[in-house]
1. Once the convex hull of the C-alpha atoms of the stretch 129-265 is built, how many Å³ does it hold per residue, rounded to a whole number?
2. What is the sum of charges, Lys and Arg at +1 and Asp and Glu at -1, for the other residues whose Cβ falls under 15 Å from the Cβ of Ala39?
3. First select every other residue whose beta carbon is under 15 angstrom from the beta carbon of Asn10; then total the charges, Lys and Arg +1, Asp and Glu -1.
4. When the gyration tensor of the stretch 46-148 is built from Cα positions, what are the square roots of 5 times its three eigenvalues, in whole Å, from largest to smallest?
5. Heads up, I need the accessible area for Asp148: 1.4 angstrom probe, whole protein in place, Å², nearest 10.
6. How much accessible area does Thr172 have with a 1.4 Å probe, in Å² rounded to the nearest 10?
7. Using the alpha-carbon centroid of each, what span in Å lies between the stretch 8-42 and the stretch 140-184?
8. Quick one: which residues, 5 or more positions from Thr160 or on another chain, have an amide H under 5 Å from its amide H? H modelled 1.01 Å from N in the peptide plane, none for Pro or chain starts.
Amino acid sequence: MKLTIIGAGNMGSAIVRGLVKGTLIKPFDITCSDTSTEALAGVRNIHAAIRTVTDNRAAADSADIVLLAVKPWLLEKVIYEIKLSLDYERQIIISIAGGVTFAQLDKYLDSHKGVEPALFRLIPNTAVAVQNSMTFIASQNATPAQTDTVTGIFDELGATMAVDERLMAAGTSLASCGIAYAFRYIRAAMEGGVELGFYPSQARDVVLQTLKGAVALMEANGNHPEEEIDRVTTPGGLTIKGLNEMENAGFTSAVIRGLKASRDV
């Protein structure tokens, strides 16, 4: 199976990093296209067997799957450039451009004029590079076999969730933008740890292990977060005092407001 990724920026290269750690697609079956030779050099540094080109049309022509990893405002231009090279009866087309709907993709691809292509919209996050992405998948005109193919690839790069297109904006906020919010918590907790007396590297290690433990508990027990919180909040204890201070500063409402603000609709 031959995969072409058009766009070697942060997300395109992150997907490449994840793919070369897996087994489903071999590095020599990956082509990466970009106008930036510097970006392509970075891809070659990931694995020498990856084919890198600056000709998007040639890259798309030979692929079984064409993954469009360019910014939303560049997507129409790139599709216009490659669409004469696309074979809608044979190829799977994936877009990871946030906010670009199937209706817009149909318009860009002129698919309303003939054969309907198998289209997928994916929202991964940058943890795809270490095979720990949360990836949302919506599809249009795809067969069950094509859906299984795309899902299988991204299952190897983390976890996937099939959703209706209407939830793609929410998925972007919760997981794609959401990974930045997790990092912001980590940074805040590290800074608090330094104020409490730890060196920055020590605080980082403590916060990361604490988060790993929290995730492991929820995965193992299947509990609601409040159930795990109740286990460590004794009456009059330190934990409840800290939680109440955070809530008094608007912790929960700030998270929810940030998620709503970052929806791409």
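1. Values: hull volume 19.5 nm³, N = 137.
With only Cα atoms used, the stretch 129-265 gives 143 Å³ per residue.
2. On the way: positive: Arg17, Arg44, Arg51, Lys71; negative: Asp34, Glu38, Asp55.
It works out to a net charge of +1.
3. Here the count lands on 0.
4. On the way: eigenvalues 86, 63, 41 Å².
Here the semi-axes work out to 21, 18, 14 Å.
5. 110 Å²
6. 20 Å²
7. Taking the Cα centre of each part, the stretch 8-42 and the stretch 140-184 sit 19 Å apart.
8. For Thr160, the qualifying residues are Thr135.
The values are calculated or read from the model by the stated rules, or taken from the named source; none is laboratory data. Since this is a predicted model, take the numbers as computed values, not measurements. Note: ideal-geometry Cβ built from the backbone for every residue, glycine included; neighbour counts use all protein chains shown. All accessible areas refer to the heavy atoms of the entire protein, side chains included, with ligands and DNA or RNA removed. Shrake-Rupley method; radii C 1.70, N 1.55, O 1.52, S 1.80 Å.
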